[in-house]
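A short worksheet on the structure shown next.
The values are calculated or read from the model by the stated rules, or taken from the named source; none is laboratory data. Because the structure is a prediction, the values reported are computed rather than measured. So basically every Cβ, Gly included, is an ideal-geometry build from the backbone, and we count neighbours across all protein chains shown. We work out accessible area using only protein heavy atoms, side chains counted, and drop any ligands, DNA or RNA first. Shrake-Rupley method; radii C 1.70, N 1.55, O 1.52, S 1.80 Å.
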Amino acid sequence: MGRAPFELSVVARGWAAAFLLVSLVHVGALVASAATVADVSQALLMPALAAFVVSATRWPRGHLVRWTLGALGASWLGDSLPALLDGDAAFLAMVGCFLLAQVSYVVAFAPYARRSVAFRRPVALVGYGAVLVGLVAWCAPHAGSMLVPVAVYGGCLVAMAVLATGVSRVAGVGGAVFVLSDSLIALERFVPGWHLPGQDVWVMVTYLVGQGLIAAAVVHANRSVRRARSGAVPSPVAARPAVPDNVVALAWV
């Protein structure tokens, strides 16, 4: 018997397991202060997650999946390039690559904007705005020439988190956790006296959870559009011809 129309393939399950395994190895290496293992495993994280997204979808993948893959690619650069540089150059390379990642996510989630909290619960924007203003204000006294890049990055990061809520609740949680991860990095860099036990571990755990939830939500949204087009379930996004998305979705367990 063949697979059910929306069943996750063995290959996709394998890549999901690979991402989880590499994540565990990486976090374990951070805990054990095994720098070489941590560096190598960090460079493998986003390729494994991207391979999961690719193997869980099929051509033509459409706007949401394409731009999500772009965000994962930029994230991989942000994970890998700083290891080749030192000091401010490493930090700027990381910020630049992850800025590209956040812009890619913003573009990916833009067709879902009318389903996000920005339209459905605009009062929630007060909370997102407070996080952004508070973080920038906290970092500003010691950010120096980095203040503008950090503020721009923070704005894109929060915009991503807001728009992610339009994809699904899972994506919204993933976006919020991603904001937490990057906030920890900013606090460590720019706030003297900031000390969180296990800082590096918490940064990576929240980063991996955020990216993983976003990827899972994108794959699920992909599946929902395919089901809608097959007549199985309604799709609010597919019903909006003004914002077309020709995603052809995966097989979901």
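Of note:
- Positions within the stretch 211-228 being out of contact with any Phe, Trp or Tyr (no Cβ under 6 Å at 6 or more places or on another chain), modelled with pLDDT under 95 and open to solvent by 30 Å² or more (accessible area, probe 1.4 Å), in sequence order: H220, S224, R226, R227
- Where W202 falls short, out of the listed (1) farther than 24 Å from S104 by Cβ; (2) modelled with pLDDT under 95: (2)
- Yes/no for L30 being over 14 Å from Q211 (Cα atoms), open to solvent by 40 Å² or more (accessible area, probe 1.4 Å) and not in a loop (DSSP other than H, G, I, E, B): yes
- For first residues located in the stretch 29-54 and at pLDDT 95 or above, partners that are open to solvent by less than 20 Å² (accessible area, probe 1.4 Å) and hydroxyl-bearing (S, T, Y) and lie 6+ apart or on another chain with Cβ distances below 8 Å form the pairs A29/S41; L45/S23; M46/S75; V53/T68.
- All positions within the stretch 192-210 that are open to solvent by 20 Å² or more (accessible area, probe 1.4 Å) and closer than 23 Å to G129 by Cβ: W194
- Residue that is nearest to A186 (Cα to Cα), among those in the stretch 86-95 that are open to solvent by less than 70 Å² (accessible area, probe 1.4 Å) and over 15 Å from the mean Cα position of the chain (by Cα): F91
- Matching residues, the stretch 33-74, being of a type in the set (S, T, N, Q) and buried (at least 19 other Cβ atoms within 10 Å of the Cβ): S41, Q42, S55, T57, T68
- Selection status of D79, assigned to a helix (DSSP H, G or I) and under 20 Å from L157 (Cα atoms): yes
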